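Down below is the structure, laid out as structure tokens.
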Amino acid sequence: MIDRGELLRKLALNVARFSLLGPIAGGFYRGVGAILMLHRVTEATGEVIGANRHLTVSPHFLDALLVEVGRLGYRFVTMDEAVDRLASRASGEPFVTVTADDAYRDNVQEALPVLEKHEAPITIYVAPALIEGRALLWWDVLERIVSCRDTVYLSTASGKVALDCSTPAGKLNANNAIHDYLTREVPEEHQRAVIRDLALAAGVDPEGPNRETLMNWDEIRAAAAHPLVTIGSHTVHHYNLRRLDEDKARREIVDAGGILEIELGARPRHMAYPYGYVSAVGAREVALAREAGYASAVTTRHGMVQAEHARHLHSLPRISINGRYQRVAHVRTMLSGITTPIANRGRRVVTL
């Protein structure tokens, strides 16, 4: 099945690359650094229908990417150093800091050896309820459900809907329809129950992806002891904070830090907003993260880090290292800065 959106984004990347716009614009748009965003790094993707392939890159690609980042003159730094550089407005070579959301086991087993080779630090953002199974990797569960059924019956407020999953295109359409239903119509606190019921009806283990792919607390503690690893907060349940009332959103942000402090012996200084896109992070969430005492908070908004971000440490953009665009040339184009205004209606400094 052809993903037209993906094709258009790749076309835009190639146009920017071959038109030499990147080198021309680099002096203005490149900024002072970049925050790279990973999720999974593994050769064994476990991919079923491809709905979540954007979340996975291979260790080989990560290695090639870090070679290129070094060749371009970036210095690998921790998130602490990135924040300090911004706050002090230090000059010098541009920086790159690597981050990973959700605490997948392969971040340590397959990504960390590559990072060690390049002496590149990483910040891994942990959502305690995902680690403990109190929240589900529902997007992975959903993909497993539609992959193994010809029809999925979804109970909605308007009645039961039958979704055709008999073809590859049907499976992707059903996945997208249920994804939209869960993220737009089902309250965040009820998503677990809905996806669990769908999984059990399909004969799918709803806890399987958590158990098979996420680190447990012992593994997170071992990772935290590694000199290249920083553990950050990803809230408690990985909820879309903008869909919660203010008190619940505050508890998600504050309580995650407390739980991580109990489990790891140190309170996290850095945070990543779940989902991180426009409908998940706004001015209220940024204020809550600042109020909770985090030194930084990152979104998933596409953009390079500019000197002006010293005033926006709790709404920092990132460059997604996306499984759909595993070409070093694509990321090189992004690091030139030219894609920042393209993706953000002309804006160079991306916050909210």
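The values are calculated or read from the model by the stated rules, or taken from the named source; none is laboratory data. Since we're looking at a predicted model, the values are computed, not measured. Because the Cβ atoms are built from the backbone with ideal geometry, glycine has one as well, and the counts that use them run over all protein chains shown. With ligands, DNA and RNA removed, areas are computed over all heavy atoms of the protein, side chains included. Shrake-Rupley method; radii C 1.70, N 1.55, O 1.52, S 1.80 Å.
Pop the C-beta distance of R311 and N173 into the FRET formula with R0 = 45 Å and round what comes out to the nearest 0.05. So, using R0 = 45 Å, E works out to roughly 0.55.
Taking all protein chains together, S147, S91 sort by accessible area into S91, S147, largest first [probe 1.4 Å]. Each other residue within a Cβ distance under 13 Å of A157 adds +1 if Lys or Arg and -1 if Asp or Glu, for a net charge of +1.
Other residues whose C-beta falls under 14 angstrom from the C-beta of M37 contribute a net charge of +2, scoring Lys and Arg +1 and Asp and Glu -1.
A simple spin-label model places the labels of A329 and R75 3.2 nm from each other, with each point 7 Å out along Cα-to-Cβ.
In terms of the Cα gyration tensor, with a ≥ b ≥ c the square roots of its eigenvalues, is the range 183-265 rounded because a/c is under 1.5, prolate because a/b exceeds b/c, or oblate? Judged from the Cα gyration tensor, the range 183-265 comes out oblate (a/c at least 1.5, b/c at or above a/b). The helix-only estimate of mean residue ellipticity at 222 nm for the chain, built from DSSP H runs of length n ≥ 4 each weighted as -39500 (n - 2.57), is -13000 deg cm²/dmol after division by the residue total. Per-residue extension of 0.36 nm, minus the Cα-Cα distance of S91 and E261, leaves a gain of 57.9 nm for this segment.
Summarising the label geometry, the points placed 7 Å from Cα in the beta-carbon direction at A162 and A287 lie 5.0 nm from one another.
Using the Cβ-Cβ distance between D218 and S279 with R0 = 30 Å, the FRET efficiency computed as 1/(1 + (r/R0)^6) comes to roughly 0.25.
For the range 213-282, chymotrypsin sites (Phe, Trp or Tyr not before Pro) are listed when DSSP marks them as loop and at most 10 other Cβ atoms sit within 10 Å of their Cβ; the list is empty.
Modelling each spin label as a point 7 Å along the Cα-to-Cβ direction, I'd like the L200/R347 distance in nm, to one decimal. So the label points at L200 and R347 sit 4.3 nm apart. In summary, the aspartates and glutamates within cross-link reach of K171, defined as a Cα separation below 16 angstrom excluding same-chain residues under 8 places away, comprise D3, E47, D140, E143, D150, D180. A straight Cα-to-Cα reach below 13 Å connects K248 with the aspartates and glutamates E188, E189, E285, residues fewer than 8 places away in its own chain not being considered. DSSP beta bridges confined to the chain are antiparallel in about 25 percent of cases. Packing, taken as the mean count of other beta carbons within 10 Å per residue, orders the peptides 34-40, 62-68 from highest to lowest as 34-40, 62-68.
If the segment from D247 to E132 were pulled out straight at 0.36 nm per residue, it would be longer than the present Cα-Cα gap by 39.1 nm. Between the beta carbons of A225 and K117, assuming R0 = 22 Å, the FRET efficiency works out to 0.70 to the nearest 0.05. Counting only protein chain heavy atoms and rolling a 1.4 Å probe, the accessible areas of K171, K117 rank, largest first, as K117, K171.
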